[in-house]
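The values are calculated or read from the model by the stated rules, or taken from the named source; none is laboratory data. What you are looking at is a predicted structure, and each value in this text was computed from that prediction instead of being measured. When we count neighbours, we look across all protein chains shown, and the Cβ atoms used for this are built from the backbone with ideal geometry, even at glycine.
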Amino acid sequence: MKYENVVPAVFLNRLNRFTALAEIQGKKETVHVKNTGRCRELLISGSEIWLCRSDRTDRKTAYDLITVRKQNGMLFNIDSQAPNKVALEWLQAQGWDRIIPEYRYGSSRIDFCMEKGDGRYLMEVKGCTLEKEGIGWFPDAPTDRGVRHIRELMHAAKEGYHAILAFVIQTDGITEVRPNRMTDPQFADAMEEAARQGVKILFLPCHVETDSIVAVRV
């Protein structure tokens, strides 16, 4: 996926979960943070960031914060809406007979249901923006919703679906995501149990530019 109207800026500080203060060509501007996770190792005062200007006139903020350069030089896309869009682009190239986004299953909406012949597949997508020593980790903040989705996938596997937990890795060079037990032990337990119960854990490495992100897995 590619963004339009992208401009460079400098991150100053995070105001709350949804907004931050940035400097654009010497001018301070309140911008929307498209990620409610902690992102503490990314959103550091003085970091290079890239903002996407919105065409909407009814917004309180004119820009969305989409990309950050980590202190180690790696570019990270932190748009929490990007993983589903990246996953859909990737799925559309995989030859499915049918792809159904936001599929209602149990008490949840699973991101995608795919059909091929007589087979039915459910895929839940998570975006990974936390990197340590070349490994991706998820989550960076506790996620009850994520645990619920994994349990739904385990139930679906027992009902005959092919269940998939997919991680879109929102930076270059990372090919594996591990459960972040220190941050969310319940998610870690659920992810490990899901793998034992036949849920496929899929990693989607990506190439990130300041204004784009695309899955590179064939």
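Just one of the listed residues (136, 160, 117) is under 20 Å from residue 83 (Cα atoms), of a type in the set (Gly, Ala, Ser), in the same structural domain as residue 97 (by TED's automatic domain parsing) and out of contact with any His (no Cβ under 7 Å at 6 or more places or on another chain), and it is 136. Can you confirm whether the stretch 46-69 contains a residue that is β-branched (Val, Ile, Thr), farther than 29 Å from residue 136 by Cβ, in contact (Cβ under 8 Å) with a residue 12 or more places away in the chain and surrounded by fewer than 16 Cβ atoms within 10 Å (Cβ to Cβ)? No: the stretch 46-69 contains no residue that is β-branched (Val, Ile, Thr), farther than 29 Å from residue 136 by Cβ, in contact (Cβ under 8 Å) with a residue 12 or more places away in the chain and surrounded by fewer than 16 Cβ atoms within 10 Å (Cβ to Cβ). Residues in the stretch 70-86 that are part of a loop (DSSP other than H, G, I, E, B), under 10 Å from the mean Cα position of the chain (by Cα) and either small (Gly, Ala, Ser) or crowded, with 17+ Cβ neighbours inside 10 Å (or both): 78, 79, 80. Sub-8 Å Cβ pairs linking a first residue in the stretch 1-26 that is outside any strand (DSSP E or B) to a second residue that is buried (at least 18 other Cβ atoms within 10 Å of the Cβ) and of a type in the set (Gly, Ala, Ser), at least 6 apart or interchain, are 1/82, ordered by first then second residue. Among the residues in the stretch 204-211, are any aliphatic (A, V, I, L, M) and surrounded by 15 or more Cβ atoms within 10 Å (Cβ to Cβ)? Yes: one or more hits. Among the residues in the stretch 81-97, are any touching a Ser or Thr at 6+ places or on another chain (Cβ under 7 Å) and either within 24 Å of residue 216 (Cβ to Cβ) or not acidic (Asp, Glu) (or both)? No: zero hits. Report, by residue number, each residue of the stretch 172-183 that is touching a residue at least 40 places away in the same chain (Cβ under 8 Å) and surrounded by fewer than 24 Cβ atoms within 10 Å (Cβ to Cβ). Result: 172, 173, 174, 176, 178, 179, 180, 183. Exactly one residue out of 43, 51 is in a strand (DSSP E or B) and either touching a helix residue (DSSP H, G or I) at 6+ places or on another chain (Cβ under 8 Å) or more than 19 Å from residue 124 (Cα to Cα) (or both), and it is 51.
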